[in-house]
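Derivation of every value follows stated rules applied to the coordinates shown; laboratory data play no part. The shown structure was predicted, so the numbers you read here are calculated from the model rather than taken from an experiment. Please note: Cβ atoms are built from the backbone with ideal geometry, for glycine as well, and neighbour counts cover all protein chains shown.
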């Protein structure tokens, strides 16, 4: 019997799946802080907190476009009540993409952030794309039935 158990344990070790290194499973502080500020203080403060590294004239124009667009969404969707992290996809050790559902009072919006960590620096939001139609910003595989990550 002992031989059988040892053989069974050995086989389990041989066929155990190998897992790739997993990327991060939580949003970085710049994102959680920015979304919390957006929820409590509005789009102006939230976008600026999410994009502190956007400092050039062109970046400031992009910030203002985001603020204006988010305010327009809030006119019909209501205030931001929270968010759900759908997936955080690690592309490289320094680059990832966050897929977030923004929970407004009357309807959700769908957010994709590209996050970059330069060597020796904190995480920075490089791109910020959102829409009220998930097919406009999320990849099809992410929103097809049965493709959402299961709860632990």
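So the values come out like this:
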| quantity | calculated |
| --- | --- |
| Residue order, fewest to most beta carbons within 10 Å, for 83, 116 | 116, 83 |
| Relative contact order (percent, whole number), segment 27-143, Cα cutoff 8 Å, 6+ residue spacing | 19 percent |
